[in-house]
Amino acid sequence: MKFAHLLILPISMVLSTTLIGQQGTATTNTANRALQESEEIRALRLAFSDVLDTVNKSWFGEPYQQIRAVDLNGNLAILFSETALDEKITQLSQGAIRSPGVKSGQAFCALTGTYFANGDHLYNVSGDLGMMRFQRIGEKGFWFIRDQNVYTTSIDLAPPDAPLSFMGWFASVMTDIKTVYVDGPTFKVSEGKVTTIKGKEAKTVVFNAPTAPYDPLMREQAASDTFGFWKKGHLEASYDPDSKQPLRMAFSNVAQGIEASMDFDYNASGRIRQVTINNKSKQWEGPGFVRASYDADGMISAISGELTGKIYKIAFNLSTTWNKDKGSTSLQSIVPPIAQKLGREDMELRIAMMFASNIGELQRMGFNFMTPKLVVAPPVAPTPQTEQTQR
């Protein structure tokens, strides 16, 4: 942490112009003030760290200590206006790609599978997007798209310190957030206004790491930038100083066109019941929610949600079955021998086109749905007038 150095530097420049006789006392007072300010900043970071620890304990705490696997079963529905699909594909491809695909205004996918805390998994996605399978067990695995009969074995491997239980898995997520917001140098921290949320007094911590301006013409970016959007931007986290539970969070990343606020509701046991979303992100201005249901043991039995944009709506509903005895060796499957093997980048491109023309468009242009049934428009022969113009 270099905050003390950043605070002392401009003060030292001022001190260099003072009288020598006053410099000793002034330096001592300034150093003490800088030290106090850095301690205040650190206290704000630690307050947010306490909030993350509370989330870790109340959302995914001891009930998940021995849980190694979770079975998932549910669906994902993507709804859009009848003209949105063709308009977006035509716009993005400049007329080169046309889709005769889904015209009903809905794309439906079912998801089934098992995910392990250490990252091993096998799950299938089927429906209007065709059938896809994702598997990784240890150091081996594949992604497979049945409709295109292609696959890749270039997959992400588990880190050497991968957690064995879901309690450890969620703790690792909180650790990642702490690394960026609590311990990292990227965000400047300040104290926000004390406010009242649903009858409770809430304190606020503000994190700020400015981004580049939004560029609506920029359509491509690295996947790490897309999924790491939370590592830069502006976050205001309001929390209950007594329970240390988050009550409201507002986040924006100007460069990626992301702006949203979330309000948190809890049940009588202090577990998260619903997150209500007010989304102002580009092409996604609208309401949304994520809702959790619990079983008698206090574990999440189902999670559902919805996100509404100007011309799109995404809804999902997943049931969860937690298992401490299930082993990943029971999940093995194989790729058909006649399938074509692709590299990692080619496979990512296929999947990205199936979902959103390219991954970056999810943030920049809205959810540009594109079916796998693509038709490349034949080239148009130039007219004599066009040829003359080109000359």
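In region 95-117, the residue that is nearest to LEU164 (Cα to Cα) out of those that are modelled with pLDDT of 85 or more and open to solvent by 50 Å² or more (accessible area, probe 1.4 Å) is TYR115. Would a scan of region 159-170 turn up a residue that is in contact with a strand residue (DSSP E or B) (Cβ under 6 Å, 6 or more places away or on another chain), in contact (Cβ under 8 Å) with a residue 40 or more places away in the chain and open to solvent by 30 Å² or more (accessible area, probe 1.4 Å)? No: zero hits. Go through (1) closer than 23 Å to PRO210 by Cβ; (2) buried (at least 16 other Cβ atoms within 10 Å of the Cβ); (3) within 18 Å of the chain's Cα centre (by Cα) for LYS280 and report which single condition fails. Answer for LYS280: the failing condition is (2). Checking the conditions here, which among GLY257, GLY228 is at pLDDT below 95 and crowded, with 19+ Cβ neighbours inside 10 Å? Going through GLY257, GLY228 in turn, the sole match is GLY257. Considering the conditions (1) open to solvent by 30 Å² or more (accessible area, probe 1.4 Å); (2) within 22 Å of the chain's Cα centre (by Cα), GLN135 is excluded by exactly one of them, (1).
Scanning region 308-341 for residues that are open to solvent by less than 50 Å² (accessible area, probe 1.4 Å), farther than 22 Å from TYR115 by Cβ and among the hydrophobic types (A, V, I, L, M, F, W, C) yields a single hit, ALA339.
Residue-by-condition table, conditions (1) free of Cβ contacts under 8 Å to residues at least 12 places away in the same chain; (2) in contact with a strand residue (DSSP E or B) (Cβ under 9 Å, 6 or more places away or on another chain); (3) more than 19 Å from SER238 (Cβ to Cβ):
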| site | (1), (2), (3) |
| --- | --- |
| GLY257 | no, no, yes |
| ALA260 | no, yes, no |
| ALA268 | yes, no, yes |
| TRP284 | no, yes, yes |
| LEU307 | no, yes, yes |
| ASN317 | no, yes, yes |
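Counting the residues of region 337-361 that are at pLDDT 85 or above and touching a Lys or Arg at 6+ places or on another chain (Cβ under 8 Å) gives 1. Could you list all residues from region 178-214 that are open to solvent by less than 50 Å² (accessible area, probe 1.4 Å) and either closer than 14 Å to ARG42 by Cα or in contact with a helix residue (DSSP H, G or I) (Cβ under 6 Å, 6 or more places away or on another chain) (or both)? Selection gives LYS178, VAL180, TYR181, VAL182, GLY184, PHE187, VAL189, VAL205, VAL206, PHE207, THR211. Taking the criterion of being open to solvent by 20 Å² or more (accessible area, probe 1.4 Å), in a strand (DSSP E or B) and not aromatic (Phe, Trp, Tyr), the residues of region 285-299 that qualify are PRO287, VAL290, ARG291, SER293. From the set of residues in region 118-146 that are touching a strand residue (DSSP E or B) at 6+ places or on another chain (Cβ under 8 Å) and of a type in the set (Asp, Glu), which is modelled with the highest pLDDT? Checked region 118-146; the qualifying residue modelled with the highest pLDDT is ASP120.
Are any residues in region 311-335 of a type in the set (D, E, K, R) and either within 13 Å of GLY288 (Cβ to Cβ) or within 18 Å of the chain's Cα centre (by Cα) (or both), and if so, which ones? Scanning region 311-335 gives a single hit, LYS313.
The values are calculated or read from the model by the stated rules, or taken from the named source; none is laboratory data. What you see is a predicted model; the values in this text were computed from it and never measured. Every residue, glycine among them, receives a Cβ derived from its backbone with ideal geometry; neighbour counts consider all protein chains shown. Remember, those area values only see protein heavy atoms, side chains included, never the ligands or the DNA or RNA. Shrake-Rupley method; radii C 1.70, N 1.55, O 1.52, S 1.80 Å.
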